[in-house]
Each structure stands twice: as C-alpha cells, then as structure tokens.
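Scroll down for the structure; my scribbles are underneath it.
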C-alpha cells in the first residue's frame, strides 16, 4: 500500500483531496489507518493510502498543474469556548 507523509496543518480531508481529488475518500483513509476523519495528524506522520472508489481526476489535474497541496489550519481558537468574557459576569 502506498503512503503519504503529512505536512504541517494537514488533516485527513486534505490528504484525501491531495491524493484522490475527492474529500469523500477521507473515510477510506481513516479506516485503513485506524483513525477518525477528524483526528489531528502530526507533521511527518505516514498515512497509508488504500484503494478508494472516490477519485476526481479534474481536481487532481488542477492541483498538479498549480502545484497545490491542500492544507487546512484547524487550530484557530474561535467559537464559544474561546470567546473573551472579561467584561461579563457569568453566573
């Protein structure tokens, strides 16, 4: 089975887009690597690439032509859990 090396800020969906051109392949990747689609990946980590019925050659051609490697920064701290509450008293 082929592998790919994770780069900084990539997730399983990025790998699916990079290799298959289709984010739906993330499920196949996760299953082959015994991880969840939403698990954080570590830069340098090797991910096994299984066969997948989900492939979009148009997307792959675009990425190759433009030398694009999908990367999604999911570590942005926003949302209710990260909002500043200094001005408010929460009871």
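Rule-based calculations on the coordinates, nothing more; no lab input. In this text, all values refer to a predicted model and were calculated from it rather than measured experimentally. Don't worry about glycine lacking a Cβ; one is built from the backbone with ideal geometry, like all the others, and counts go over all protein chains shown.
Taking the convex hull of the Cα atoms, report for the range 2-66 its projected area averaged over all directions, in nm². Intermediate results must be reported in sequence, preceding the final value.
Values: hull surface 16.3 nm².
Its Cα hull, projected and averaged over all orientations, spans 4.1 nm².
Taking other Cβ within 10 Å of each residue's Cβ, how do 60, 17 sort, fewest first?
60, 17
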